[in-house]
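Shown next, in structure tokens, is the structure this report addresses.
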Amino acid sequence: MPHQQLAAVMRAEAEAAVFSGAFLVTNTALPAVTGAFGYANKADVTPNRADTRFGIASGCKLFTAIAVCQLVEQGKLSLVDKVMDVLDRTVFPQFSPYFTVHQLLTHSAGIPDYFDEETMEDFAELWTTRPMYLLRGPRNFVPMFCELPMISEPGTRFRYNNAGYILLGLLVEKLSGLTFTDYVEQQIFAACGMNDSGYFALDALPGNTAQGYIVKEDGTHTTNIYSIPVKGGADGGAFVTAPDMLLLWEGLLQHRLLGPEMTALLLTPHIHEDKDDYYGYGVWITKRDSGVYKYHVMGYDPGVSFHSAHYPASGTTAVVLCNESRGAYRMQQAVENWLNSGREG
């Protein structure tokens, strides 16, 4: 049976990679394939489970994009609005007054980033001078980039930008009257039935939540509690389970979060990144033969790796959650190799 073949492939890949995490693969024509390996808490030897919560780092930029698009549908915001007309521009003295909501969503606004992935490598180095335990909401990040100069003219190029999503979080807070995390949990997670997911602080994690681990070259490890912000927000850091992430895809694609027109706009390849890869609103889009091969999200932090994708041609959705800095990509590639071999049907 095809699903048994996939289960065997995923199990063999997980064992070969010493994978620590959980995965879930569904297909419209096949039973779900799920598995969990490694430990949620290495000290207590607590195993990861199929329903363990894992951090997903930047994977939740999609949630931010959905929140912004909901506000657009409600008439509280326009995609062509100039962001500095809505926020307090005196806080950002060197920012252009002309970049738009659309440009923030597509990483093309040209604003500076507090962590520039084109020039910086170690996310943990940010917290050597700024205590990570103080970063509990979008406003706490603003001093890290608000006085920096623009890096390019708005709309001229794609440049992945975490600070841009911080600004989107500020828009959500100002226009909704809620904290960003409350908005997402109430208007997105609850709407999808994602009852086990949330923006949990590292110093107050609920039960059945995986610790993130940084594995050193000699095989020893430390947790990531001093290497990432204490609480996630608009640019990343939510905790989800594999079944809940599947519910997110279903809620989005079945128009329970946004209407058909806005959903199509979110999933439009607005800007070219590299080769066959494009970016929509909070989601990566890979094209093949002039059509969409996959919609996907991913996230990497110290102690976190995450990939999730929907493949429209086959109706397959995959979620890979990992509580180490590497591991999710290899498991996701195993799914794609299986799909490309034609064995799913």
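Details
- In this view, the solvent-accessible surface of Tyr329, computed with a 1.4 Å probe and all protein chains in place, comes to about 120 Å².
- Unit Cα scatterers, Debye sum, the range 163-241: log10 I(q)/I(0) for q = 0.22, 0.24 Å⁻¹: -1.07, -1.17
- Overall form of the range 266-345 per C-alpha gyration tensor (a/c, 1.5; a/b vs b/c): oblate
- With all protein chains modelled, accessible area of Tyr160 [1.4 Å, Å²]: 40 Å²
- Over the range 130-276, relative contact order from alpha-carbon pairs under 8 Å, at least 6 apart, %: 31 percent
- Within the chain, helix-based [θ] at 222 nm, where runs of 4 or more DSSP H residues each add -39,500 (n - 2.57), nearest 500: -7500 deg cm²/dmol
- Counted as membrane-span-like here are DSSP H helices of the chain whose alpha-carbon atoms extend 27 Å or more along the helix's own axis and whose Kyte-Doolittle mean is -0.5 or above; there are none.
- Take the Cα of Thr46, go 7 Å toward its beta carbon, and the backbone nitrogen atoms of the range 170-214 under 20 Å from that spot belong to 195-214.
- Coordinate range of the alpha-carbon atoms in the chain per principal axis, descending: 59, 45, 36 Å.
- Distant-in-sequence amide H partners of Arg53 (H built 1.01 Å from N, under 5 Å): Thr209, Ala210
- Cα shape, the range 1-124, gyration tensor, a/c 1.5 rule: prolate
- Point-to-point label distance, Asp203-Asn337, nm (Cα→Cβ direction, 7 Å offset): 4.4 nm
- The chain - accessible surface per residue (Å², probe 1.4 Å): 42 Å²
- Here the spin labels are modelled as points 7 Å beyond Cα on the Cα-Cβ line, and at Asp218 and Lys76 they lie 5.2 nm apart.
- Heavy-atom accessible area ranking, 1.4 Å probe, most first, across Glu73, Glu15, Glu217, Glu250: Glu217, Glu15, Glu73, Glu250
- Largest to smallest accessible area among His270, His307 [probe 1.4 Å]: His270, His307
- Under 5 Å, built H, 5+ apart or other chain: amide partners of Gly280: His270, Ile285
- A Förster distance of 22 Å, applied to the separation of the beta-carbon atoms of His255 and Tyr160, puts the FRET efficiency at 0.20.
- Residue pairs exceeding 25 angstrom between C-alpha atoms, taken from Lys174/Lys294; Lys82/Lys231; Lys61/Lys174: Lys174/Lys294; Lys82/Lys231.
- When all protein chains stay in place and ligands, DNA and RNA are ignored, the 1.4 Å accessible-area order of Val240, Val215, largest first, is Val215, Val240.
- With every protein chain in place, the chain: carbon and sulfur % of accessible area (1.4 Å): 50 percent
- Distribution of pairwise C-alpha distances over the range 196-345, 10 Å bins, in %: 10, 35, 35, 18, 3, 0
The values are calculated or read from the model by the stated rules, or taken from the named source; none is laboratory data. This is a predicted model, so every value here is computed, not measured. No Cβ is skipped: glycine too gets one built from the backbone with ideal geometry, and neighbour counts run over all protein chains shown. The protein model used for the area step is the full one, side chains on, heavy atoms only, and it has no ligands, DNA or RNA in it. Shrake-Rupley method; radii C 1.70, N 1.55, O 1.52, S 1.80 Å.
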